[in-house]
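*Asks:* Before I ask anything, here is the structure I am working with.
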Amino acid sequence: MEDIRFYRASEKPYGAFSNLHRRPVEFEGETFPTSEHAYQAGKPRKAEVRRWLMAAPSPALLAMAAHGLYYWDVTPGWSRTKFDRMRGVLYAKFTQHEDLRTLLLSTGDARLVETATVDNEVNRLWGEVNGQGRNMLGELLMELRTRLRLEEASQDDRAAA
């Protein structure tokens, strides 16, 4: 199986898979400038910490700040809920932007891999570094790709009936 690797939001065409890619996402009744913003908005326990994170001058700085939060600033249960939140954010992103949906579906059955260059725990959780890591962003994107195909097939079946 072919791998499609992505990392930098500015890379064409697959940089759009990055959560730092600048495309607005409406999630939980709010519009965020990126999917990273939508995801990280759920992490802080306190409203003032959330406001501080959302005011970061770039999605990369937002991610860095959010990864550095103290335990007591993080919503209880975050480690159990963060993947479901990311799943919801990705669904919103790829269903609100037809071009992104088309791009994701165009990847066929390729393995999608966020390929980071800096070796740390966060990069090995969401992606891979030197071939090592859980690649959760890639896994969730592949799961979403399957979901979108099933939804499309279901719509086609209803239209044919």
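The values are calculated or read from the model by the stated rules, or taken from the named source; none is laboratory data. Every value quoted in this text rests on a predicted model; they were computed, and no experiment measured them. Every residue, glycine as well, gets a Cβ built from its backbone with ideal geometry; the counts of neighbours run over all protein chains shown. These area figures cover heavy atoms from the full protein model, side chains too; ligands, DNA and RNA do not enter into them. Shrake-Rupley method; radii C 1.70, N 1.55, O 1.52, S 1.80 Å.
*Asks:* Looking at Ala55, Ala110, Ala66, can you tell me which residue is open to solvent by 10 Å² or more (accessible area, probe 1.4 Å) and not polar (S, T, N, Q)?
*Replies:* Residue meeting the stated conditions: Ala55.
*Asks:* Checking the conditions here, which among Leu105, Leu100 is modelled with pLDDT of 95 or more and either within 17 Å of Asn19 (Cβ to Cβ) or among the polar types (S, T, N, Q) (or both)?
*Replies:* Leu100
*Asks:* Condition check: of a type in the set (Ser, Thr, Tyr), more than 24 Å from Glu128 (Cα to Cα), modelled with pLDDT of 95 or more and open to solvent by 20 Å² or more (accessible area, probe 1.4 Å). Does Thr75 satisfy that?
*Replies:* Here the answer is yes, as Thr75 does meet what is asked.
*Asks:* Another question, if that's okay. Going by what's in this entry, would Glu128 be described as under 14 Å from the mean Cα position of the chain (by Cα), among the acidic types (Asp, Glu) and within 22 Å of Met1 (Cβ to Cβ)?
*Replies:* Spelling it out, it is not the case that Glu128 is under 14 Å from the mean Cα position of the chain (by Cα), among the acidic types (Asp, Glu) and within 22 Å of Met1 (Cβ to Cβ).
*Asks:* Could you run through the stretch 20-52 and say how many residues are within 21 Å of Arg8 (Cα to Cα) and crowded, with 20+ Cβ neighbours inside 10 Å?
*Replies:* Count: 10.
*Asks:* Consider the stretch 95-139. How many of its residues are in a helix (DSSP H, G or I) and more than 19 Å from Arg8 (Cβ to Cβ)?
*Replies:* Of the residues in the stretch 95-139, 8 are in a helix (DSSP H, G or I) and more than 19 Å from Arg8 (Cβ to Cβ).
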